[in-house]
Amino acid sequence: MNIELVIFDWDGTLMDSERHIVASLRGASERLGIEVLSDSDYRNIIGLGMREAIRALYPERMCEDFVQAYTGAYRELFFDPDAPQDLFEGARETVEALLAQGYRLAVATGKSRRGLDRVFDELAIGHCFHASRCADETQSKPHPQMLYEILDELDIPPQRAVMIGDTEYDLVMAGNAGMPAIAAAYGVHEHERLLRHAPVAVIGDIREVPSVLTACRT
């Protein structure tokens, strides 16, 4: 592979946000007085857009009023100014190393634009990415639309890009776009689940990305 563009998922790939997302989803359910599901159920939908996540969690309640109420409760908890916003150890250094090596970088995430811009600003890392797409401004994963839009914006064909993500939604999205994918096995979905979608490589630490990309060139 001759890769020019590296596209990252955000939550569970660059940011260690699993516990906070699960707690916010659980808290939203509690606030609305509805069934509180297992942590595994909440963890399983990380990576989807909010509407798609609610449909997967509570299909029998799927109506616009419920979507708005649940989304509002979740965001109030998630955007708590005291909530942790931590990158995985080595993530910032990995991003900076890839830039130094000449790669273009992007983010394709199930987060809202408000959520992504918030962490970009708070962590002072947004300038590292040449493009980004969020689930509330295009179609949610695993539909490939957000990847198509990034590729069009940067004028790069899918064969010269790679998607890196920790869920099957990331890998299926990449496959739907005709793009190779690298599975981040340290995130939400377990190793075996990721392997079903034929990633070109599996990493156990974000710091492995530069060496994996170098190996893929040979």
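If you scan region 103-119, which residues turn out to be hydroxyl-bearing (Ser, Thr, Tyr) and part of a strand (DSSP E or B)? Result: THR109, single match.
Looking at the structure I just gave you, is PHE129 touching a Leu at 6+ places or on another chain (Cβ under 6 Å), closer than 26 Å to ASP152 by Cβ and not basic (Lys, Arg)? When the stated conditions are applied, PHE129 passes them.
Here VAL67 meets the list (1) of a type in the set (Val, Ile, Thr); (2) within 17 Å of the chain's Cα centre (by Cα); (3) in a helix (DSSP H, G or I) almost entirely, failing just condition (2).
Taking the condition under 21 Å from TYR186 (Cα atoms) and out of contact with any strand residue (DSSP E or B) (no Cβ under 8 Å at 6 or more places or on another chain), does ALA91 pass? It is false that ALA91 is under 21 Å from TYR186 (Cα atoms) and out of contact with any strand residue (DSSP E or B) (no Cβ under 8 Å at 6 or more places or on another chain). Of all residues in region 80-124, exactly one satisfies the criterion of being free of Cβ contacts under 8 Å to residues at least 60 places away in the same chain, under 19 Å from ARG207 (Cα atoms) and among the basic types (Lys, Arg), namely ARG92.
A single entry from THR94, THR71 fulfils the requirement of being touching a helix residue (DSSP H, G or I) at 6+ places or on another chain (Cβ under 6 Å) and within 17 Å of ILE7 (Cβ to Cβ): THR94.
The set of residues in region 52-62 being surrounded by fewer than 19 Cβ atoms within 10 Å (Cβ to Cβ), of a type outside the set (A, V, I, L, M) and modelled with pLDDT of 90 or more consists of ARG55, TYR58, PRO59, GLU60.
Considering (1) more than 22 Å from the chain's Cα centre (by Cα); (2) in the same structural domain as GLY204 (by TED's automatic domain parsing), the lone condition that ARG31 does not fulfil carries the number (2). Taken together, GLY12, GLY49 contain a single residue that is assigned by TED's automatic domain parsing to the domain that holds ASP117, surrounded by 19 or more Cβ atoms within 10 Å (Cβ to Cβ) and touching a residue at least 12 places away in the same chain (Cβ under 8 Å), which is GLY12.
I'm checking my understanding of the structure. Among residues of region 74-116 that are small (Gly, Ala, Ser) and modelled with pLDDT under 95, which one is nearest to PRO210 (Cα to Cα)?
The initial filter retains those residues of region 74-116 that are small (Gly, Ala, Ser), namely 83, 90-91, 97, 100, 102, 106, 108, 110, 112, 115.
Filter once more, keeping what is modelled with pLDDT under 95: 83, 110, 112, 115.
Numbers: ALA83: 30, GLY110: 24, SER112: 28, GLY115: 27 Å.
Once the filter is applied, the top-ranked residue is GLY110.
The values are calculated or read from the model by the stated rules, or taken from the named source; none is laboratory data. From a predicted model like this one, the values you see are computed outputs, not experimental measurements. Cβ: placed from backbone, ideal geometry, glycine included. Neighbour counts: every protein chain shown.
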